[in-house]
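First the structure, in the form of structure tokens, and then the observations on it.
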Amino acid sequence: MPFSVRRAVFATIVTAVAALATTSAALAGNGGFLPGNPHSPNAHRTIDAFVFVAIFTGVIFVAVESALILFVIKYRRGKRAYAAEGPQIHGAGRLEIIWTVIPVIILAAIGTFVFYKLPGIADAPAAAANDETTIQIEGHQFYWLFRYPNGAVSIDRMVAPANEVVHEDVVGLDWDVNHSWWVPDLGGKYDAIPGQTNKTWFEAPVGTYVARCAELCGIQHALMDAEVDVVPRAQYAAFVAKRASPAGNAALGKEEWQGVCQSCHRLDHVYIGPALGGNPLLGDAKGITSLLRGGQGQMPAVGHNWSARQIDALIAYTKQFSKGGS
Ligand code: CUA
């Protein structure tokens, strides 16, 4: 075997072994071949469509790659001269009809299946009014803010009642950039676009579900994650009642500090923004209000639409950092 051929064979084997060895790690890291682990009817239907399409694409992939490998071996040059022409074939009517009709049938089957599944993904099932909740989801640089029907607010952690329809109104804000709300186990991605409300829903059992931003929205996009805590109805009711009252301020202030300020700031060192430890601004209601509402320099107006109570809750929490160093 000439050296160049041996080298090519060696390189091919090494690449193939490396690809096989890393496939299992990639699959494990990704949670496997399937997208997520559905816990809501709409997410189940999304997976059904994914699997249905994957069957066709899988069969086509194997058929095409097998033919490719087979032909590479069977019709290799061998001892023929470099310049030798292969046989010239013009037209193969039967074959051409087959390779036109089969894809048409496949596309029709996929289209029919997806359109059959789509209404159950887009539309929430009918539910009695007292068995449904609407939670507004706002995408901000770089945090998620949730507004509940009674006026309660939470940051980066949505609490929702279990086993009933929860409507999600995903909104973007005029002074912010685009984000995308994505809870893989509870359904697809919904963009948070300024000036538009995108509606989706879920109906999930008790559990904690991972949410993240699926739109590159700036330097801290990767940190824009959240969780959806689905809890029994009584626990949900207690959470929103407490959050809407002064008794919920301490928890809200802490969430704001951790979810909003700490996206870009640390107390003791420069992070994305300046260090904040010992900064008298943290205890200065007027200064912090104008900074949150209007932003400054690189800092976006993270609290542009916050209520006075939201701002008070943050100041009550951060004033402990305005004197000490760390
Ligand atoms: Cu928000 Cu990416």
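The values are calculated or read from the model by the stated rules, or taken from the named source; none is laboratory data. What you are looking at is a predicted structure, and each value in this text was computed from that prediction instead of being measured. We place every Cβ from the backbone using ideal geometry, glycine too, and count neighbours over all the protein chains shown. Surface areas here come from the heavy atoms of the whole protein model, side chains and all, with no ligands, DNA or RNA. Shrake-Rupley method; radii C 1.70, N 1.55, O 1.52, S 1.80 Å.
Worth pointing out:
- Here residue 156 meets each of (1) charged (D, E, K, R); (2) surrounded by fewer than 17 Cβ atoms within 10 Å (Cβ to Cβ); (3) within 16 Å of the ligand (Cβ to nearest atom) with one exception, condition (2).
- Given (1) part of a helix (DSSP H, G or I); (2) among the charged types (D, E, K, R); (3) over 19 Å from residue 199 (Cα atoms), index of the condition residue 117 fails: (3)
- For the stretch 1-46, the set of residues classified as hydroxyl-bearing (Ser, Thr, Tyr), open to solvent by less than 70 Å² (accessible area, probe 1.4 Å) and at pLDDT 90 or above consists of 40, 46, listed by residue number.
- Count of residues meeting criterion [within 19 Å of residue 143 (Cα to Cα) and assigned to a helix (DSSP H, G or I)] in the stretch 272-289: 2
- Qualifying residue in the stretch 295-305 (condition: part of a loop (DSSP other than H, G, I, E, B), loosely packed, with under 14 Cβ neighbours inside 10 Å, within 27 Å of the chain's Cα centre (by Cα) and touching a residue at least 24 places away in the same chain (Cβ under 8 Å)): yes
- The number of residues in the stretch 195-207 being surrounded by fewer than 16 Cβ atoms within 10 Å (Cβ to Cβ) and either among the β-branched types (Val, Ile, Thr) or without any contact (Cβ under 8 Å) to a residue 24 or more places away in the chain (or both) comes to 3.
- The set of residues in the stretch 210-237 being closer than 16 Å to residue 160 by Cβ and open to solvent by 60 Å² or more (accessible area, probe 1.4 Å) consists of 210, 227, 232, 233, 234, 235.
- Looking at 143, 148, just one residue is open to solvent by less than 50 Å² (accessible area, probe 1.4 Å), under 23 Å from residue 295 (Cα atoms), out of contact with any Cys (no Cβ under 7 Å at 6 or more places or on another chain) and not hydrophobic (A, V, I, L, M, F, W, C), and that residue is 143.
- Failed item, numbered, when residue 162 is tested on (1) in contact (Cβ under 8 Å) with a residue 24 or more places away in the chain; (2) of a type in the set (A, V, I, L, M, F, W, C); (3) within 16 Å of the ligand (Cβ to nearest atom): (3)
- Residues satisfying the stated conditions in the stretch 87-139, i.e. charged (D, E, K, R) and within 27 Å of residue 170 (Cβ to Cβ): 117, 123, 131, 132, 138
- Going through (1) out of contact with any helix residue (DSSP H, G or I) (no Cβ under 7 Å at 6 or more places or on another chain); (2) free of Cβ contacts under 8 Å to residues at least 24 places away in the same chain; (3) away from the ligand (no atom under 16 Å from the Cβ) one by one, residue 292 falls short only on (1).
- Some residue of the stretch 181-194 being under 27 Å from residue 308 (Cα atoms) and without any contact (Cβ under 8 Å) to a residue 40 or more places away in the chain: yes
- In the stretch 231-248, the residues that are at positive phi form no Cβ pair under 8 Å with any partner that is open to solvent by less than 60 Å² (accessible area, probe 1.4 Å), whether six or more places apart or across chains.
- Elements of the type strands (runs of 3 or more DSSP E) sitting completely within the stretch 134-204 and holding at least 1 residues that are among the aliphatic types (A, V, I, L, M): these cover 143-147, 153-155, 157-161, 165-171, 189-192.
- The number of residues in the stretch 223-257 that are within 16 Å of the ligand (Cβ to nearest atom) and either in contact with a Cys (Cβ under 7 Å, 6 or more places away or on another chain) or among the charged types (D, E, K, R) (or both) comes to 3.
- For the residues 94, 76, the requirement of being outside any helix (DSSP H, G or I), basic (Lys, Arg) and more than 16 Å from the ligand (Cβ to nearest atom) singles out 76.
- Top-ranked residue of the stretch 166-193 - restricted to ones that are open to solvent by 40 Å² or more (accessible area, probe 1.4 Å) and more than 18 Å from the chain's Cα centre (by Cα), ranked as nearest to the ligand (Cβ to nearest atom): 175
- All positions within the stretch 196-222 that are more than 9 Å from the ligand (Cβ to nearest atom) and touching a Ser or Thr at 6+ places or on another chain (Cβ under 6 Å): 202, 203, 204
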